[in-house]
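In what follows, a structure is listed as structure tokens, so that the remarks can point back to it.
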Amino acid sequence: MPHDQFVAAVVADLTDAAACRSAAANLDGVTHVLFAALYELPDLVAGWRDPQQMAVNEAMLRNLLDALQPVAKGLRHVSLMQGTKAYGGHVEPAPVPAKERWPRHAHANFYWLQEDLLRARQPHAAWTFTVLRPQLIFGYAIGSPMNIIPALGAYAAVQRELGQPLRFPGGGRCINAASDSRLIARAAEWAGTNEIAANETYNVLNGDMLVWEDLWASVARRFDMAVGPAQPYSLTEGMPAQEAVWARIVAKHGLRPFTLEQLVGSSWQFTDRAFAHGQANPADSVLSGIKLRQHGFNDCLDTEDALHHWFERMQSQSLLPR
């Protein structure tokens with residue numbers, strides 16, 4: 001982007017059709033949309049199969065399109081975010097590696113509602129769309145329902161303050177993968193500017209595999225901690241009771257005055273799931289990134305480096321202690 005251009009923030013409640021129409025009135029120059037809005041219920045995992053949650057997520061995209069399409073005559077591309085739930089991993093173990101060419105897994109999901117909305121409108125429009133499916137996103141966020149970075153960082157800081165080593169709190173060993181938010185952004189830019197991506201679906205992965213136990217010593221070094229033996233521990237149940245300890249950490253390290261609830265939100269639930277808490281023999285969760293490479297996007301990131309990039313970002317912003 002040239003230096004003389006700037007980003008203008010336009011705030012709108014996507015669940016309110018009238019608010020969307022009002023906000024879109026001056027957006028006639030929009031050419032590309034990356035739809036990353038998400039509505040989650042407080043009980044994160046149960047919400048993934050809740051009809052109300054699905055209906056709200058469909059309505060948010062519908063309201064935006066209804067408002068934007070009449071005014072943005074130059075609209076050329078819409079990118080839609082999905083994820084591993086497309087392969088039914090929250091319902092039953094998915095085959096490894098999960099591939100975009102498979103038929104839809106037979107379960108209700110707001111992904112299908114949103115995608116069907118785009119597929120119904122696209123043949124009659126000048127724009128195309130691309131579906132992106134990242135896995136275990138690493139990024140910078142406060143109060144996100146699904147960001148492992150603040151959850152893991154706050155857990156480590158609390159254990160250190162209590163004089164404990166860093167113990168892996170999850171379940172059995174399994175193979176996973178992650179998607180750095182910077183990589184997702186670059187993939188979205190590529191999808192919106194390359195014809196081969198029109199109406200296609202892509203898994204978006206860093207490019208390597210992830211086993212949390214094998215990264216544990218690296219996380220411990222980040223917070224200058226010893227590694228202790230694994231000890232099952234529900235972050236969802238245990239960490240909300242550590243607000244007083246966190247308050248001490250905030251005061252000691254001069255952090256920004258967020259509570260654990262404000263900083264982490266329901267990401268405790270998400271992190272428990274990512275760590276396979278309560279599962280002795282969790283299934284591997286691996287998506288294939290081959291199609292995206294075959295179509296011409298060859299960017300990649302080292303997952304360990306990405307993890308530390310975002311720890312450093314949150315530490316430099318006084319959200320996590322060093």
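Rule-based calculations on the coordinates, nothing more; no lab input. Keep in mind that what you see is a predicted model, and the values were worked out from it rather than measured. As a convention, Cβ positions derive from the backbone with ideal geometry for all residues, glycine included, and neighbour counts pool all protein chains shown.
When a/c is below 1.5 the answer is rounded, else prolate if a/b is larger than b/c, else oblate, so apply that to the range 247-302 with a ≥ b ≥ c taken from the square roots of the Cα gyration tensor eigenvalues.
On the way: a/c = 3.80, a/b = 1.71, b/c = 2.22.
It is oblate, given that a/c is not under 1.5 and a/b is not larger than b/c.
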Three-way shape label, the range 125-179, alpha-carbon gyration tensor, a/c 1.5:
oblate
If you count the DSSP beta bridges with both ends in the chain, what percent of them are antiparallel, to the nearest 5?
5 percent
Based on alpha-carbon centroids, what's the gap between the range 278-322 and the range 182-199 in Å, whole number please?
19 Å
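For a quick protection proxy, order the peptides 168-176, 245-253 by their average other-Cβ count within 10 Å, most packed first. Working shown, then result.
Values: 168-176: 18.6, 245-253: 15.2.
Answer by packing, highest mean first, reads 168-176, 245-253.
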Once phi for every residue in the range 224-238 is put through the Karplus expression 6.51 cos²θ - 1.76 cosθ + 1.60 (θ = phi - 60°), the whole-Hz ³J(HN,Hα) values, with Gly and Pro written as x, are 6, 10, 7, 8, x, x, 4, 8, x, 7, 7, 4, 4, 7, x
Could you list which residues have their amide H under 5 Å from that of ARG76, counting only those 5 or more apart in sequence or on another chain, with H placed in the peptide plane?
HIS32
Across TRP102, TRP127, TRP112, the residue with the highest GNM fluctuation in the chain (Cα network, 10 Å cutoff) is TRP102
Counting only residues 5 or more apart in sequence or on a different chain, those whose built amide H sits under 5 Å from that of VAL227 are LEU166
Applied in sequence order to the range 95-108, the curve 6.51 cos²θ - 1.76 cosθ + 1.60 (Karplus, θ = phi - 60°) yields integer Hz couplings, x standing for Gly and Pro, of x, 10, x, 6, 10, 5, 6, 5, x, 4, 5, 7, 8, 6
Which of (i) 28, 21, 20; (ii) 29, 26, 16; (iii) 35, 23, 19 gives semi-axes √(5λ) of the Cα gyration tensor in Å as computed here? It is (iii)
Out of residues 5 or more away from ILE137 or on other chains, whose amide H comes under 5 Å of its own, with H placed 1.01 Å from N in the peptide plane?
SER179
Of all DSSP beta bridges having both residues in the range 124-235, the percent classed as antiparallel (nearest 5) is 10 percent
Where does helix 243-253 land angle-wise versus the long Cα axis of the chain, in degrees 0 to 90, nearest 10?
90 degrees
Residue among SER266, SER179, SER22 with the largest mean-square fluctuation in a Gaussian network model of the chain, springs linking Cα atoms under 10 Å:
SER22
Using alpha-carbon positions, the gyration tensor of the range 212-266 gives root eigenvalues a ≥ b ≥ c; with a/c under 1.5 called rounded, otherwise prolate if a/b exceeds b/c, else oblate, the class is oblate
Listed highest first by mean packing, meaning other Cβ atoms within 10 Å per residue, what order do 153-159, 87-93 come in?
153-159, 87-93
Mind checking the full-extension length gain between LYS99 and GLU261? Use 0.36 nm per residue of separation minus the Cα-Cα distance, one decimal, nm.
54.7 nm
Give the angle, between 0 and 90 degrees and rounded to the nearest 10, that separates the Cα long axis of helix 181-193 from the longest principal axis of the Cα atoms of the chain.
10 degrees
For the range 50-66, in residue order, the Karplus 3J(HN,Hα) values (coefficients 6.51, -1.76, 1.60; θ = phi - 60°; whole Hz; Gly and Pro = x) are 8, x, 5, 4, 5, 5, 5, 5, 5, 4, 4, 5, 4, 4, 5, 5, 4
Could you tell me how far the Cα centroid of the range 39-55 sits from the Cα centroid of the range 217-247, in Å?
28 Å
Note the angle between two axes, namely the Cα long axis of helix 148-161 and the longest principal axis of the Cα atoms of the chain, as a number of degrees from 0 to 90, rounded to the nearest 10.
10 degrees
